[in-house]
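Scroll down for the structure; my scribbles are underneath it.
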Amino acid sequence: MKKIGFISLFALLPFCFIAQDKGKPYKVLVKNLQGTYEGKSKRGLAHGKGTAAGVDAYKGTFYKGFPHGKGTYIWLNGDYYIGNWKHGKRSGMGKFVSMIDSVETVLDGYWEDDQYVAKTKPVDFKYRTLAGPKIRLSYLQSNKKGNTIEISIRRNGDEVNDSDFVNSRFISNTVTTQSSGSTSEFIIKNAVFPFKAELWFTILEENIHSNVTEVRYGIEIEVFRKGDAIIYIDL
């Protein structure tokens, strides 16, 4: 990125404060923001609403010395970001404005780990019912660096007994065809993302008249966020 000339920080935000806590300045842990600070603190660190100015400048909320929450950050060259932060990194919805070859460039949308991701917050997963009664799915990611997906079928909060399964069939873009017989759990290792799968199964269910019938379900699942995850299917 071609850098533009220095633009005064004071043209955008009134940064010219010195924190006072019995003569001791509050501490900001972002190196380029270390200089002057005015705002709330906790245990000697910027914590809460505040304004910091060093090589760069920031006005917004802090958490344990880092920009965290909503705030505006202005770089020395005049580039700026307005939006959400998490532990000193752009995270959530926000807008970054920079100059490239004297042309203003804007990245407006969802950020994660200081990187621009998309116009809107990506969906972690989605599903649709292909057959059978209405169901509910919940998604829980346990490790962003993994690639194992576990699918568990529950009824009234408990796993469905294997003896209640008549048959089941699982198809995904990771495992072309996997016939798992009669089980309430499926574990997919080395999942390919975005992950897509179809799950078909027939189980025994008791109706209000105490009659046992076979009920067939069909579910399509898509997982867009890479990482270890558990998906609960609640019947």
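Quick rundown of the values:
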{"read-out": "Under 11 Å, Cβ to Cβ, from Gln115 - net charge with Lys/Arg +1 and Asp/Glu -1", "value": "-1"}
{"read-out": "Neighbour-count ranking [beta-carbon atoms within 10 angstrom, fewest first] of Tyr73, Tyr127", "value": "Tyr127, Tyr73"}
{"read-out": "Taking the chain and dividing mean pair separation by its residue count, relative contact order in percent (alpha carbons under 8 Å, at least six apart)", "value": "15"}
{"read-out": "Among Thr148, Thr213, Thr183: highest mean-square fluctuation, GNM of the chain, C-alpha pairs under 10 Å", "value": "Thr213"}
{"read-out": "Order of His209, His47 - criterion: other Cβ atoms within 10 Å of each residue's Cβ, fewest first", "value": "His209, His47"}
{"read-out": "For Glu198, net neighbour charge (Lys/Arg +1, Asp/Glu -1) across residues whose Cβ lies under 11 Å away", "value": "+1"}
{"read-out": "Hz values of 3J(HN,Hα) by residue in the stretch 161-168 - Karplus curve (6.51, -1.76, 1.60), Gly and Pro given as x", "value": "4, 4, 5, 7, 7, 8, 6, 7"}
{"read-out": "Charge dipole magnitude, Cβ of K and R +1, D and E -1 - the chain, Cα centre, debye nearest 20", "value": "1420"}
{"read-out": "Over 25 Å between alpha carbons, listed pairs Lys86/Lys226; Lys40/Lys121; Lys49/Lys144; Lys70/Lys119; Lys42/Lys89; Lys126/Lys226", "value": "Lys40/Lys121; Lys49/Lys144"}
{"read-out": "Amide H partners (placed H, <5 Å) of Gly48, local residues excluded", "value": "Phe62, Tyr63, Lys64"}
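FYI, it's all coordinate maths here, none of it is from the lab. Note that this is a predicted model, so its numbers are computed, not measured. Backbone-built Cβ (ideal geometry, glycine too); neighbour counts: all protein chains shown.
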